Amino acid sequence: MLDKLGGIALQPDQMQWLLTPTNFKNSLLERIAQARHSIYLAALYLEDDEAGREVLQALMAAKARNPELKVKVLVDFHRARRGLIGHTGDSGNYLMYRRVMSEAEHCIDILGVPVKSREFMGVLHLKGFVIDDAVIYSGASLNNVYLQQQGRYRFDRYHLIENAQLAESMRSYIDAHIVADPAVSSLTQCAESEVLPEKTDIRSFKQRLAAGQYRFDSVTQGARITPLVGLGRKHNALNKAVLDLVEEANEQLFICTPYFNPPYPLVRALAKKLRQGIRIDIVVGDKTANDFYIPPEREFSTIGALPYLYEQSLRKFVKRQQWAVDAGLLNVHLWKHEDNSFHLKGISCDGKRHLITGSNLNPRAWALDLENGLLLHDTEGQWREQFEAEQRHILLHTQRLYHYSQVDTLQSYPKPVKKIMNRIKRLKADFLLRRIL
């Protein structure tokens, strides 16, 4: 099926690997400063912290230099209007946007996208920073840790694609299916005259989003890149591409996911490939490299149980496939580097096809969030060395699992975690939690 999947023709010199959050940040700020006609940024959030304010000020400066510059920032509506989980006193990032715009001579559009009526039911997880004829694609959002502003970093993937047709396809999708929709509203409105979208428009927004796709002049031969977008379980082009990548593997798969909680169709497909003798490398963050991990010296809160829930999902999977680990077919690599966190996503198949995506490859991404990705077809091996170098870079701070017993058990967890996990088990709530977290 993937042989017949059309894409946008891509030349070898149009693709770059940025590899580090510092390179990602520098490239993003450099491109913003050089922008000539348009800047479209899509991320889960643009945070009210040092890095987030630096990016916002760079956007404002670009607009001031060129008032005709079209600048649109898309963030999740619900995430923008609340504080951080587990923190008190935060008022929401939209207050920063409102304050900056109230003082600006030339304003930019910062839009809140309510994919669902409640955040836990689905968020804007669309990724891509489209500046003129280039796309910087990463699963990263915009804040201190993603941009390594103060030492700590959240490790992601970062690619720069210089292709006018891809940039236009991603811009057109945003304009047609998001900006123009009545469910989407400005997050910079003053409090006194703020107009929020109608609830009926928000409730029906998911149907309109699910029908949208990227449009482009398609080629089916040679090196090409296919932009994909999906929302919901049915007719989801991104989910289908993930399963097709696994199904069509003849030699090996290289998979990255930050939270090990794959949807059942993906688990079944991976197990089938192992039985066929296909090698599968899975890189996943250690529980201490999870965004929600709370070190023992800090006060514990309920959200801190999440990394342990994911770890038990990983232990269960490895235990079931221990025979494949013993045979050298399944190689699980745990990433851990000091107090940094892990946020990589994507799949490579046989070194010929590579999906770079913001999707966490879990039930929530599969069914609830608006996700996208770029599928690179490299049938001639033009970028094989670069992808192999990226994989070596990803594996630098990993430890391979040789037996499921290397993964901690519930009995070894801290008391607060053990209490919550036992409660989840007793209430049989893990099935629901794995779908919404």
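The values are calculated or read from the model by the stated rules, or taken from the named source; none is laboratory data. All of these numbers come straight from a predicted model, not from anything done at the bench. With ideal geometry, Cβ positions are generated from the backbone for all residues, glycine too; neighbour counts draw on all protein chains shown. Remember, those area values only see protein heavy atoms, side chains included, never the ligands or the DNA or RNA. Shrake-Rupley method; radii C 1.70, N 1.55, O 1.52, S 1.80 Å.
A convex hull fitted to the Cα coordinates of segment 189-261 yields 214 cubic angstrom per residue. The phi-based Karplus calculation (6.51 cos²θ - 1.76 cosθ + 1.60; θ = phi - 60°) puts the 3J(HN,Hα) values of segment 301-315 at 9, 4, 4, x, 7, 4, x, 6, 5, 5, 5, 5, 5, 5, 4 Hz, whole numbers, x for Gly and Pro. Note that segment 54-173 presents 36 Å² accessible area per residue, ligands and nucleic acids not counted, probe 1.4 Å.
Which aspartates and glutamates have a Cα lying under 16 Å from the Cα of LYS336, excluding residues fewer than 8 positions away in the same chain? Filter leaves ASP156, ASP286, ASP291, GLU311, ASP408. Treating the chain as a set of equal point scatterers at the Cα positions, no solvent, please give the Debye-formula log₁₀ I(q)/I(0) at q = 0.10, 0.12, 0.13 Å⁻¹. One equal scatterer on each Cα of the chain leads to -0.70, -1.03, -1.23. Of LYS234, LYS352, the order by accessible heavy-atom surface (1.4 Å probe, DNA, RNA and ligands excluded), from most exposed downward, is LYS234, LYS352. Sites listed here are GluC sites (Glu not before Pro) in segment 91-160 whose DSSP assignment is loop and whose Cβ has at most 16 other Cβ atoms within 10 Å: GLU103, GLU105.
For the residue pairs LYS316/LYS415; LYS240/LYS287; LYS70/LYS206; LYS240/LYS345, alpha carbon separations beyond 19 Å are given by LYS316/LYS415; LYS240/LYS287; LYS70/LYS206. From most to least packed by mean Cβ count within 10 Å, the peptides 410-416, 182-188 give 182-188, 410-416.
Add -39500 (n - 2.57) for each DSSP H run of 4 or more in the chain, then divide by its residues: what number comes out at 222 nm, to the nearest 500 deg cm²/dmol?
-10000 deg cm²/dmol
Computed from backbone phi, the HN-Hα couplings of segment 13-18 come to 7, 8, 10, 10, 10, 8 Hz, rounded to whole numbers (Karplus: 6.51 cos²θ - 1.76 cosθ + 1.60, θ = phi - 60°; Gly and Pro given as x). Rounded to the nearest 0.05, the FRET efficiency derived from the C-beta distance between ARG268 and ASP326 at R0 = 25 Å is 0.75. The Cα-based radius of gyration of segment 65-220, divided by its Kirkwood radius, gives an Rg/Rh of 0.96. DSSP beta bridges fully contained in the chain are about 65 percent antiparallel. Computed about its Cα centre, the charge dipole of segment 279-437 is approximately 1080 debye, with only Lys, Arg, Asp and Glu carrying charge at their Cβ.
In whole percent, how big is the carbon plus sulfur part of the accessible area of segment 1-154, probe 1.4 Å, protein atoms only? For segment 1-154, the apolar C and S fraction of the accessible surface comes to 47 percent.
For segment 1-134, the gyration tensor built on C-alpha atoms gives an oblate shape. Its axis ratio a/c (a ≥ b ≥ c) is at least 1.5, and a/b is not larger than b/c. Per-residue SASA remark: MET15, around 10 Å² accessible (1.4 Å probe; ligands, DNA and RNA not included).
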